[in-house]
Amino acid sequence: MKHYRAFQIDPDGQVFGCTNLVCDNDEQAKREAAALVQMRRIELWRLGQRIARFDAPQDAVRQ
């Protein structure tokens, strides 16, 4: 099992929350982190490495 952190990022790019995830692999962690996206961007990290970024629906529209 590997430990991950899914950080909630506000519109200014600041971290305002974190969810700890314990998963078998990166793919499982990505699925779980993607499910957390509602109103804020999520960045999935393992140790010092960003694994993935999931934009909130309104962020995707702005790009």
Which ones in region 10-59 are among the β-branched types (V, I, T), surrounded by 14 or more Cβ atoms within 10 Å (Cβ to Cβ) and at pLDDT 95 or above?
T19, I42, I51
Only residues in region 42-62 that are at positive phi count as the first member; pair them with residues that are modelled with pLDDT under 80, Cβ under 8 angstrom, at least 6 apart or cross-chain, and list the lot.
none
When region 1-29 is examined, which residues are found to be over 9 Å from the mean Cα position of the chain (by Cα), part of a strand (DSSP E or B) and not basic (K, R)?
H3, Y4, V15, F16, G17, N20, L21, V22, C23
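The values are calculated or read from the model by the stated rules, or taken from the named source; none is laboratory data. Everything numeric here is computed off the predicted structure, so don't read it as measured data. Heads up, the Cβs are rebuilt from the backbone with ideal geometry, glycines too, and the neighbour counts pull from every protein chain shown.
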